[in-house]
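Visitor: Here it is, the structure in full.
The values are calculated or read from the model by the stated rules, or taken from the named source; none is laboratory data. Bear in mind the structure is a predicted one, so any value in this text is a computation, not a measurement. Here the Cβ positions follow ideal geometry from the backbone for every residue, glycine too, while neighbour counts run over all protein chains shown. Surface areas here come from the heavy atoms of the whole protein model, side chains and all, with no ligands, DNA or RNA. Shrake-Rupley method; radii C 1.70, N 1.55, O 1.52, S 1.80 Å.
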Amino acid sequence: MLAPPRMTSTTNTRKLELLSYLHAQEHEDFTVRGRTYDRRYLPREFPTDFPVIISLQAYPGYRRMIGEQWMHWHDYYEFWLATGPGRYRSGNHQFSFAPGDVVLVDPLKLHGVVRMEPTHAPLVIFFRAEAIVPHGSEVDRGFLAAWDLRPEKVVPRLEANAAGAAEVHAALLRLAQVWFENARSEDRTVDLKFHLLETLVELRRAFLPRGHATPDTMVRRAERLARLNRILEYVGSRYHEAVRQPEVARFAGMSTSRFRAFFKETTGWGFSDYLRDLRLERAARLLRETTASVAEVASQTGFADQSHMQRLFKAKHAVSPLAYRKTHQQP
């Protein structure tokens, strides 16, 4: 096994320059609480002329966000630069991150922070595909290769000392400078697109090995998104019932085996894992926001009985439902 590349002076200098610049910028408080739909989709309002959003996000209420409220998905592209340590889950991957690491968030994949420092304020870039691929141009899809062509086994994290990280940091600094400093510039949108494309090219070079898979076409991605939306809306309205995988597969117009493969490939989660996590999320919400007994919460969230819910709840949160309520219940 090859040893990981050592951080060169250039890599370290560019990382520190970028982190120092970001530390001096204004942060935006953010929470996912109350923003996600029942199907765990997180919507976002994009500018119409150039659908890109860049933000330094601070999480003052993060202790109420981590875990049951954090896991979500969306249909737009995202990547972020870590400014503090923590742990993250995206699809099948769960991994640690450190200052200077860059994390890619794949469209349609369930993702969220598992653990982080309260002071962590990452630089987050969101964009719709049409900002990069106008009119469905397949030629321009090469800019999205770090997402669309990255092999599934490759963790979606570029470590701060990895090959290519210095170039990504330099491009990100130029992009951030345009975003935070040139609010009234007539050339701002042109400059933003130029430096965003530059960053995407460097991410492609850093993430892709020689030889890679055929990308999703825009049509295929749209079809998967439409089907996933229907499935998650269906499950979101019936999670409190005895929902079975064959039933959902029939609703989706698929065989059980094809449905199982589709759900895993699209979200990165097994269907049973998703349903269990959704029920635990709803149970945690009821514990925080109502005075219902544990037995009533179990019944309202689709668990077989109180003991079944208690066992799964403690396995996820490391505390009993009543202990969780005592710590997190709203005043």
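Visitor: Please give the helix 9-23 orientation as an angle from the longest Cα principal axis of the chain, in degrees from 0 to 90, rounded to the nearest 10.
Guide: In the chain, helix 9-23 runs at an angle near 60 degrees to the longest axis.
Visitor: Further question on the same structure: Whenever you get a sec, line up 130, 26, 167, 186 from highest to lowest accessible area (probe 1.4 Å, protein heavy atoms). Don't skip to the answer; put the middle values down first.
Guide: Values: 130 100, 26 160, 167 75, 186 180 Å².
Sorted by accessible area, descending: 186, 26, 130, 167.
Visitor: Also: Would you compute, from DSSP H runs of 4+ residues alone, the mean residue ellipticity of the chain at 222 nm, taking -39500 (n - 2.57) per run and dividing by the full residue count, rounded to the nearest 500? Don't skip to the end; give the middle numbers.
Guide: Values: 11 runs with 141 residues, N = 331.
One gets -13500 deg cm²/dmol as the mean residue ellipticity at 222 nm.
Visitor: With axes computed from alpha carbons, what is the tilt in degrees of helix 271-289 against the longest principal axis of the chain, rounded to the nearest 10 within 0 to 90?
Guide: 80
Visitor: When ligands, DNA and RNA are left out and all protein chains stay put, how many square angstrom of accessible area per residue does the stretch 124-199 have with a 1.4 Å probe?
Guide: 45
Visitor: Something else: What residue among 103, 201, 274 has its Cα farthest toward the positive end of the dipole of the chain, where the charges are +1 on Lys, Arg and -1 on Asp, Glu, each on the Cβ?
Guide: Value computed over the given set: 274.
Visitor: Now for a different question. Expressed as a whole percentage, what fraction of the accessible surface of the stretch 195-331 belongs to carbon and sulfur atoms when a 1.4 Å probe is rolled over the protein heavy atoms? Working shown, then result.
Guide: On the way: 3600 of 7070 Å².
Ligands and nucleic acids excluded, carbon and sulfur give 51 percent.
Visitor: Give me the 1.4 Å probe accessible area per residue for the stretch 220-331, excluding ligands and nucleic acids, in Å².
Guide: Heavy-atom accessible area per residue stands at 50 Å².
Visitor: Take residue 28 and residue 180, extend 7 Å from each Cα along the Cα→Cβ direction, and tell me the distance between the two endpoints in nm.
Guide: Between residue 28 and residue 180, the simple spin-label model gives 1.4 nm.
Visitor: Next question. So what is the orientation-averaged projected area of the stretch 71-123, using the convex hull of its C-alpha atoms, in nm²?
Guide: Numbers: hull surface 13.0 nm².
It is 3.2 nm².
Visitor: Can you list residues from other chains, or at least 5 along the same chain, whose modelled amide H is less than 5 Å from the amide H of residue 58?
Guide: When sequence neighbours closer than 5 places are left aside, the close amide H contacts are 28, 29, 30.
Visitor: List the trypsin sites (Lys or Arg not before Pro) within the stretch 126-191 that DSSP assigns to loop and that have no more than 14 neighbouring Cβ atoms inside 10 Å. List each step's numbers first, then the result.
Guide: Details: sites: 128, 141, 153, 157, 174, 184, 188; in loops: 128, 153, 184.
Passing sites in the stretch 126-191 are 153, 184.
Visitor: Determine the relative contact order of the chain: mean sequence separation of Cα pairs under 8 Å and six or more apart, normalised by residue count, in whole percent.
Guide: After rounding, I find 16 percent.
Visitor: Given just the C-alpha atoms of the chain, how large is their convex hull per residue in cubic angstrom?
Guide: Hull volume over Cα atoms, normalised by residue count, gives 156 Å³.
Visitor: May I pose another question? For a protection proxy built on the mean count of beta-carbon atoms within 10 angstrom, sort 276-285, 39-48 highest first, please.
Guide: Going by the mean number of other Cβ atoms within 10 Å, highest first, we get 276-285, 39-48.
Visitor: Let me ask another. Provide the solvent-accessible area of residue 271, counting protein heavy atoms only and rolling a 1.4 Å probe, rounded to the nearest 10 Å².
Guide: 10
Visitor: While we're here: Compute the angle between helix 218-236 and the longest alpha-carbon principal axis of the chain, please, reported from 0 to 90 degrees and rounded to the nearest 10.
Guide: Roughly 30 degrees, rounded to the nearest 10.
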